[in-house]
There are 2 protein chains.
Amino acid sequence: MASRYDDVMSLSVRRGFLWPAVDLYGGFSGFYDYGHLGARLKRKWEDLWTAHFLGLGDNYYLIDTTTILPEVSLKASGHVDHFTDILVTCTKCKESFRGDHLIEAVTHEEAEGLTTAEVDAKIRDLKIRCPKCKGELGPSRPFNMMFPVGVGPLGQDRAYLRPETAQGVFLNFKREFEALRRRLPMGLAIVGRAYRNEISPRQGAYRMREFLQAELQIFFDPATFGTTLPVDSVKGESLRVARGAEKHAPTANERTVADLIRDGLPAFYVYHMVLVQRFYLDRLRVPRERFRFAELDERERAFYNKVHFDVQVAQDSLGGFKEVGGVHYRTDHDLSGHALASGKDLSVPVADRKVLPHVLELSFGVDRNVWALLDLGYEVAGDRSVLHLPPSLAPVVVGLFPLLSKQGMPERAEALYRDLRPGFDAFYDETGSIGKRYARMDEVGTPYCVTVDHTTLGDGTVTLRERDTMGQVRVPGTSLAAILRDLLDGRREFRALGSPVSRP
Amino acid sequence: MASRYDDVMSLSVRRGFLWPAVDLYGGFSGFYDYGHLGARLKRKWEDLWTAHFLGLGDNYYLIDTTTILPEVSLKASGHVDHFTDILVTCTKCKESFRGDHLIEAVTHEEAEGLTTAEVDAKIRDLKIRCPKCKGELGPSRPFNMMFPVGVGPLGQDRAYLRPETAQGVFLNFKREFEALRRRLPMGLAIVGRAYRNEISPRQGAYRMREFLQAELQIFFDPATFGTTLPVDSVKGESLRVARGAEKHAPTANERTVADLIRDGLPAFYVYHMVLVQRFYLDRLRVPRERFRFAELDERERAFYNKVHFDVQVAQDSLGGFKEVGGVHYRTDHDLSGHALASGKDLSVPVADRKVLPHVLELSFGVDRNVWALLDLGYEVAGDRSVLHLPPSLAPVVVGLFPLLSKQGMPERAEALYRDLRPGFDAFYDETGSIGKRYARMDEVGTPYCVTVDHTTLGDGTVTLRERDTMGQVRVPGTSLAAILRDLLDGRREFRALGSPVSRP
């Protein structure tokens, strides 16, 4: 398991996806940087996310807001008082730990949501001592995970780095409601950074102190939202769900939309679970058995949520199902908090009523999604290592090679490269054997490679090779752009392009 | 002038481009949020920037790195010691001011780069008192503009919010050099946030405490870079430049590339000035007379630069030429600083030598560029208000309207909308008179509008209207996507589409 993590991280570092930040100075715990391939993969994930989720409504938009927020706004949202973990410090070596993690390490059961008194009792009963020096642990205390920032020449204006992008949306709700001509539902999304001063970042790229979120807040009229959605059209669709004790097993149950609504979940909520599951199975191509929704109970869920399922993907590098997102019914928690603290009326006119909109939040960790793609995609079989990324997400879509560095092949391959580059992420390579060049492209997830060879000089056809099957066909060089576009958009399948040719 | 600023900001707030953040709680000085149209405009600017500047080399890539950096790395870069402004605090009301701004307000000349002793002397000689309460000003002192952040449960790891994106690139130089197979020149760019705790943010959206930068760092071998570039092909090109005292006047001189090189500027540097000027004049369509490079002398330029020209655009809302970017020859300042502090060798093999690469930085303020586009584009003529954005940057590219809300026109217009939406930023509107709908689109910069009318029901043609000329032509509805694509890509001109029709 640790070894699987190391394998994925090793590929990631070597080829330029993602790596621990500031290694030049010995690292910076909880911080990661994206290299040139990772930045491209991340951007493509963001574009796919935006197209899928903003496409759910014609009144859904991206906005972009500041990452530093004044204390008053985060007091109103509840984060100043409630956004805490439980901190335990060793009386001897002064090292700090998360109380729930200390307990989980002994019991192998989730301990999130315990009070300080409960953590102290468990530490006493289970005789837990400092994992580092075996010293006696001090009393536990709540620890706010937000990073404080002092603004102004004397640092006199108290502020924090935002712990979630969502608050930027709530603060701008009224202005956007006016600019968008007063319609509900209204969807406002932010893709951007958030910050949490994790007590002990662990599991490498999973629990970061600075991370990227993609969050869509849907503002709606709770009296009517469910009835305006085409819920009936998805009633028979099956969702992979783990509730209550089920989520401690590495499995999920298949439950229909109708079942889940009958069990008491709001129809609008289950409808959006369908759209989230489709994003993972159809767009990101996560295998069905590796996807599930896991429900959080009252103790576990975030303080602002009424209904809360994590979106989880099973990853071998992280030991099983891990959270990559969440579906959060925040009710009017945030708008009523801000209305109270600011003294401003945030309700809006709907027909002849005034309504304080409710909010459904679809929240995703961008880094966690990128890591999941690397984890699920990376395969080492014998001496071949391949990254099976969905073609629409691959940082390089097509590699272009001359078979030989002579006879005009490089010029022909470079001309194809220049033609394709404006529309595709293309990469030209003429160094090393053709086998080495294919191997380099396989390892970064490039779905297609094109080779210019002797036959090209005669009839203009090139060899087109598919990453996953290693199958090769000959196609006219002049049709390459159209064929690639069709393959990427799913309008054609590789095997329909013709009969395979023998490999060089 | 103030009124011009207010006019642009008023449009910006009303329609959803950009506005002061956290207005719900009375504002947050130095912070701005992007609404749904501004976020789209900004994204398009970033995409245009990326295509233009990463297209300059086949070894140029985007990366993405953390915004919190540990103190050791910013000590090495010189920011802990040198990234300061001069702070003056009133002895009576305790308000703080920038020393150079206090002096500039009296002398109307730039005072950046003065020492604390010089500021104290000027304040004494010019008898400057507190602008707020007329009290006596205290002695000046250097003030570091970085925001400190404490990382870890006790805040024990000293860090800062990054004051520029550039350091993220320098810290990752060696890893990317390996991942990109050891080639120079290598270009690494970051588009992301940076933070400066400005003493007194002023000029609204111009001097922000949290802002967006787009920066490209080009690493090169100083012995050969100039000779590898096609400098000869641009020798006759004319650049708009203000040097020395010239920059205090609101003008520029036209100087050829050959002239500037003869005057002693490095050839590689002037070559890149050409590429920056082309971006502004050709891509962003800034009028030539509103663009210039302004040279900073030894006192004024940033501590890491050997040659430093600001990129400036004349904006009526900001009182004239204002910085929107810079061309910075940073030499090996950063890599040698990090090599020394980390004890690691950052030089790289080039042929049979070891070279510590030099860096040319092309740096741009994204928010400042977005504001400049709003400033240059916004025109109020009589009762018509129009935002003349370049079509490729417009947040909405085409508006689709039924002339009447009956006779099947809405269905026809909506069908066109659904067809166009996957490929274009399209907007459907059926409320209000057709004139009002055009006016709403003019004001947000939408270059084209399409109306479905009685004739459409007969022959399938629609009215296509151009924002800037208000000219209208009839085109087949089925050709709309192709025509719009050609107009946006500059392959066709509107007036070549046919003879104008009478306006409704």
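Observations, loosely collected:
- Under 18 Å of direct C-alpha separation, and excluding same-chain neighbours fewer than eight residues apart, B:Lys235 reaches no lysines at all.
- Loop-located trypsin sites (Lys or Arg not before Pro) in region A:86-168 (DSSP state other than H, G, I, E, B) with a sparse environment of at most 13 neighbouring Cβ atoms within 10 Å: A:Lys127, A:Lys132, A:Lys134.
- Separation of alpha-carbon centers, region B:276-291 and region B:436-480, rounded to whole Å: 29
- Simple point charges give the picture: +1 on the Cβ of Lys and Arg, -1 on the Cβ of Asp and Glu, and for region A:417-504 a dipole about the Cα centre of about 60 debye.
- Per-copy distances of the B:Gly264 label point, shortest first, in nm (7 angstrom along Cα→Cβ): 8.1
- Among residues other than B:Lys92 with Cβ under 12 Å from its Cβ, the summed charge is +2 (Lys and Arg +1, Asp and Glu -1).
- Per-residue mean of foreign Cβ neighbours for A:144-154 is 6 (Cβ atoms of other chains, 10 Å radius).
- Each label point was placed 7 Å from the Cα along the Cα-to-Cβ direction; for A:Asp259 and A:His82 their separation is 3.1 nm.
- Among B:Trp45, B:Thr469, B:Gln167 the positive-end extreme of the charge dipole of the protein assembly as shown (Cβ point charges): B:Thr469
- Per-residue mean of C-beta atoms belonging to partner chains within 10 Å, peptide B:175-182: 4
- In terms of other Cβ atoms within 10 Å, B:Cys90, B:Cys133 run from fewest to most in the order B:Cys133, B:Cys90.
- Among B:Val348, B:Val106, sorting on how many other beta-carbon atoms sit within 10 Å of each Cβ, with the fewest leading, yields B:Val106, B:Val348.
- Partners of A:Lys75 within straight-line reach, counting lysines whose Cα lies under 21 Å from its Cα and excluding those fewer than 8 residues away in the same chain: A:Lys174, A:Lys306, A:Lys344.
- Per-residue average of Cβ from other chains inside 10 Å of B:281-294: 0
- Of interest is the spacing of the C-alpha centroids, which for region A:110-133 and region A:154-204 amounts to 33 Å.
- Shortest-first nm distances, A:Val350 label point to equivalent points in other copies (7 Å, Cα→Cβ): 6.4
- The protein assembly as shown, dipole about Cα centre (Lys/Arg Cβ +1, Asp/Glu Cβ -1), debye to the nearest 20: 100
- Residue-averaged 222 nm ellipticity for chain B, from DSSP H runs of 4+ at -39500 (n - 2.57), nearest 500: -9000 deg cm²/dmol
- Gain in span if fully extended, A:Asp58 to A:Glu95, counting 0.36 nm per residue against the direct Cα distance: 8.2 nm
- Exposure proxy ranking, count of Cβ atoms within 10 Å, fewest first, for A:Arg465, A:Arg437, A:Arg474, B:Arg202: B:Arg202, A:Arg474, A:Arg437, A:Arg465
- Placing unit charges on the Cβ atoms only, positive for Lys and Arg and negative for Asp and Glu, gives region B:288-435 a dipole magnitude near 280 debye about its Cα centre.
- Backbone N within region B:304-334 under 16 Å of label point (7 Å from B:Ala249 Cα along the Cβ vector): B:321
- For A:Glu136 and A:Arg353, the FRET efficiency from 1/(1 + (r/R0)^6), where r spans their Cβ atoms and R0 equals 51 Å, is about 0.30.
- Positive-pole candidate from A:Pro142, A:Val88, A:Ile103, dipole of region A:84-144, charges at beta carbon: A:Val88
- Annotated for region B:84-144: lysine pairs at least 8 residues apart or interchain, Cα distance under 17 Å, count 6.
- Taking chain B, the Cys residues with no second Cys beta-carbon under 4.7 angstrom are B:Cys449.
- Label-to-label distances for A:Ala415 across copies, nearest first, come out at 4.4 nm, using points 7 Å from Cα in the beta-carbon direction.
- Inter-centroid distance (Cα atoms) of region A:1-62 relative to region A:299-353, Å: 24
Only the coordinates and a few stated rules stand behind these numbers; no lab work does. Please read all numbers here as calculations on a predicted model, not as lab measurements. Ideal geometry is used to build each Cβ from the backbone, glycine not excepted, and the neighbour counts take in all protein chains shown.
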